[in-house]
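Encoded as structure tokens, the structure appears first; notes follow it.
Computed from the coordinates by the stated procedures, all read-outs in this text should not be read as laboratory data. Because the structure is predicted, anything quoted here is derived from the model rather than measured. Glycine also receives a Cβ, built like all others from the backbone with ideal geometry; neighbour counts cover every protein chain displayed.
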Amino acid sequence: MSTHYPTKRSVLVPMLLYIQDEVGSLTDEAIHEIAQRTELTDLEVRNVVSYYSMLRTRPIGKYNLQVCTNVSCLLRGGEEIFQHCKEKLGVGNKQSTADGLFYLEEVECIGACSWAPAMQLNYDFHENLTPEKVDELIEGIRKKVQQ
Amino acid sequence: MAYLVSHPDEVKVVSKRFGLDATNLDRYLELDGYKALQKAIGMGPDAIINEMKASNLRGRGGAGFPTGMKWSFVPKQSPKPKYVLCNGDESEPGTCKDRLIFEHDPHSVIEGVMIAALAVGSKTGFIYLRGEYRYLIQIMEKAVADAYARGFIGKNIFGSGVDLDVYVHSGAGAYEVGEESALMESLEGKRGIPRIRPPFPAVVGLWGGPTVINNAETLASVPHIILGGGEWFANLGTPKNGGTRLFCMSGELKRPGVYELPMGYNLKKMIYEVSGGMVDGKTLKGVVPGGSSVQILTPHEIDVAMDFDSVMKAGSMLGSGGVIVLDNTMCIVRFALRVTKFYQHESCGWCIPCREGTDWMKKTLTRFHAGGGVAKDIDNLKYLAENMLGRTFCPLGDAAAMPIISYVQKYRKEFEDHLDGRPCPFGKVAEPALV
């Protein structure tokens with residue numbers, strides 16, 4: 001992939017994201033390794049990491065619930081869905097559950113405006129949400145994990 | 001998954017292949033796929049640009065700049081390689097159209113990128129998708145690989161002697177990267193901070209080479225223009241506003257969804273006929289016609305033709321085509337606060353009017369909505385926004401300021417109803433969670 005670009009660092013943003021998906025988060029070791037491969041300093045890589053909202057340096061729960069509360073979702077109850085998730089999981093914004101299974105995050109527009117309210121569960125879109133649908137999703141994951 | 005809707009008034013051009021399994025290359029070929037590219041190879045650069053100019057196609061990302069003209073700014077001779085960059089970092093609140101194009105018709109974007117590359121004499125195209133659209137990145141990567149396997153992309157395409165490469169690139173979550181110069185920074189592996197202009201990307205862009213940057217919908221329209229002719233496309237719309245547009249209808253509507261309608265279609269009809277009107281029990285309070293960055297229109301102002309010039313005349317902007325419909329149960333202060341929180345979160349922090357202005361507006365609105373507002377706050381908000389306008393590096397500052405000015409101007413009474421420690425008349429206090 002890195003051969004597509006005239007400079008080595010051009011591959012940085014997708015590389016960070018893909019490595020984060022593999023490792024779980026951008027650990028010091030991961031950042032160091034990426035810096036070496038792109039011929040940058042660790043600091044230069046951290047500088048980029050801190051800019052992008054999907055990149056993170058700390059591990060999070062296995063299932064990341066990203067609830068959109070931006071305007072189109074707001075109009076159709078996005079904030080209520082987010083509130084419901086908080087109560088259901090017993091966590092606040094950007095927190096993981098104690099068992100490390102879930103992470104909850106309020107996010108900006110994810111491009112599901114006509115099918116609001118919506119969220120992403122890791123990379124999967126879930127749209128036209130209701131509190132019941134959210135419960136089903138969460139219970140479904142809990143059951144799957146127990147088996 | 002995002003479901004498709006349809007209405008008899010729709011004119012399907014870009015959405016022609018939606019729902020027809022066009023991600024499959026064989027199926028795409030049956031549906032006239034890659035014919036436009038072959039035709040464009042025979043036409044040559046000047047004829048392609050002339051056809052684009054005749055089509056009156058204007059950029060679908062939001063600014064509405066004529067595409068043919070943009071392409072013609074690229075110098076013919078350049079010591080550095082030229083590039084074509086497809087902006088698929090769709091993140092304007094209220095906009096969900098590019099997603100459908102990538103999902104249902106990925107090859108049309110590739111074809112558009114390649115035709116643009118032929119027109120400006122570039123050998124490399126990049127398709128930048130936002131990182132959240134992982135499933136679309138997979139669809140696009142497969143589409144590109146399939147096209148390479150058939151020899152539609154790569155060396156000597158269709159025996160023309162032209163070499164052309166197309167790559168898919170992923171972002172990692174940033175609204176600001178949708179701005180063209182920040183997009184280039186991001187693609188170069190840096191923080192998405194805008195560049196000063198001039199020089200414009202058409203002269204000095206990616207890695208210093210001349211670069212054409214177009215929205216995904218713009219590029220997906222290109223093959224249809226090449227096949228159908230610029231004049232045919234121009235006649236679908238209104239003067240100076242050629243073709244059709246994907247309008248993303250959202251809010252408490254009976255039939256929300258993405259509809260492809262001719263440019264200049266009436267906004268009132270779009271809401272009451274195409275989208276079926278408001279859900280039962282709710283009435284219309286206002287319409288944001290082009291994504292969260294534009295001015296709101298009151299119910300008296302919505303009898304307007306949806307093309308760039310008419311909406312501008314009505315005091316707003318056509319923007320990205322995201323039509324957000326507010327109902328009577330939504331508090332305008334709460335709405336303003338949510339919009340401002342978004343811009344505060346997404347401001348890249350590079351220039352001060354935007355970084356400090358959005359933060360100050362957010363703090364004021366948070367306090368105001370919670371009942372701690374004083375009368376002076378209302379004018380202060382407007383004053384603050386007016387002083388951000390035109391004073392920032394990139395349009396994000398304007399995008400944060402323009403809607404706030406319009407909310408205060410048009411719904412001042414509702415702001416006043418929050419004064420004197422009175423709780424929000426709509427009974428909901430939004431807690432600031434995103435900080």
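Here are some notes:
- Our Cα-only numbers for chain A put the radius of gyration and Dmax at 17.4, 50 Å.
- The amide H of B:ARG245, built 1.01 Å from its N in the peptide plane, has B:LEU261, B:MET263 as neighbours under 5 Å, considering only residues 5 or more places off or on other chains.
- Taken over segment A:47-113, the convex hull of the Cα atoms encloses 85 Å³ per residue.
- Working ranking of peptides B:253-259, B:162-168 by packing, defined as the average number of other Cβ atoms within 10 Å per residue, highest first, is B:253-259, B:162-168.
- Taking the Kirkwood radius as Rh and the Cα radius of gyration as Rg, segment A:2-49 has a ratio of Rg/Rh equal to 0.94.
- Residue mean of other protein chain beta carbons inside 10 Å, B:252-262: 2
- Of the three principal axes defined by the Cα atoms of segment B:25-236, the extents in descending order read 40, 36, 36 Å.
- About its Cα centre, segment A:63-146 has a charge dipole of approximately 160 debye under the convention of +1 per Lys or Arg Cβ and -1 per Asp or Glu Cβ, with nothing else charged.
- Per residue, the convex hull spanned by the alpha carbons of segment B:1-101 comes to 166 Å³.
- For A:PHE102, residues with placed amide H under 5 Å, excluding near neighbours: A:LYS62, A:TYR63, A:THR97
- In order along segment A:73-89, phi translates into HN-Hα couplings of 6, 3, 5, 10, x, x, 5, 5, 5, 4, 4, 4, 4, 4, 5, 4, 8 Hz, rounded to whole numbers, per the Karplus curve 6.51 cos²θ - 1.76 cosθ + 1.60 with θ = phi - 60° and x for Gly and Pro.
- Radius 13 Å from Cβ of B:TYR167, net charge of other residues (Lys, Arg +1; Asp, Glu -1): -1
- Cα gyration tensor, segment B:314-357 - rounded (a/c under 1.5), prolate or oblate: oblate
- Under 20 Å, Cα to Cα: Lys pairs in chain A, sequence gap 8 or more or different chains: 14
- With θ taken as phi - 60° and the Karplus curve 6.51 cos²θ - 1.76 cosθ + 1.60 applied, the whole-hertz 3J(HN,Hα) list for segment B:279-285 is 5, 4, x, 10, 10, 6, 10 Hz, x standing for glycine and proline.
- Near B:LEU85, the amide H atoms lying under 5 Å from its own belong to B:PHE126, B:VAL212, B:ILE213, B:ASN214; only residues 5 or more places off or on other chains count, and H is placed 1.01 Å from N.
- Relative to one another, the C-alpha centroids of segment A:1-65 and segment B:342-390 are positioned 33 Å apart.
- A convex hull fitted to the Cα coordinates of the protein assembly as shown yields 148 cubic angstrom per residue.
- Rel. contact order, % - alpha carbon contacts under 8 angstrom, at least six apart, segment B:244-327: 36
- Integer Hz, Karplus 6.51/-1.76/1.60 couplings in order for segment B:138-148, x for Gly and Pro: 5, 4, 5, 5, 5, 4, 5, 4, 4, 5, 4
- For B:GLY131, the shell of other residues with beta-carbons less than 11 Å away shows a net charge of -1, using +1 for Lys and Arg and -1 for Asp and Glu.
- Spherically averaged projected area of the convex hull of Cα atoms, chain B: 19.8 nm².
- Part-to-part distance (alpha-carbon centres) for segment B:258-281 and segment B:139-207, which is given in Å: 34
- Shown here is the pair-distance distribution of segment B:151-258: with all Cα-Cα distances grouped in 5 Å bins from zero up to the longest one, the shares run 2, 9, 12, 14, 15, 18, 17, 9, 3, 1, 0 percent.
- Pairs exceeding 20 Å between alpha-carbon atoms, taken from B:LYS12/B:LYS313; B:LYS254/B:LYS285; B:LYS76/B:LYS240: B:LYS12/B:LYS313; B:LYS76/B:LYS240.
- Assuming charge only on the beta carbon of Lys and Arg (+1) and of Asp and Glu (-1), the dipole of the protein assembly as shown about its Cα centre is about 740 debye to the nearest 20.
- Global geometry of segment B:280-422, whether rounded, prolate or oblate, following the gyration tensor of its Cα atoms and the 1.5 cut on a/c: oblate
- When the convex hull of its Cα atoms is projected in every direction, mean area for segment B:332-416 (nm²): 4.6
- Relative contact order of chain A: 19 percent, from C-alpha pairs under 8 Å at least 6 residues apart in sequence.
- Using the rule -39500 (n - 2.57) for each DSSP H run of four or more residues, divided by the residues of the protein assembly as shown, the 222 nm mean residue ellipticity is -12000 deg cm²/dmol.
- Relative frequency of Cα-Cα separations exceeding 14 Å in segment B:244-327, percent: 55
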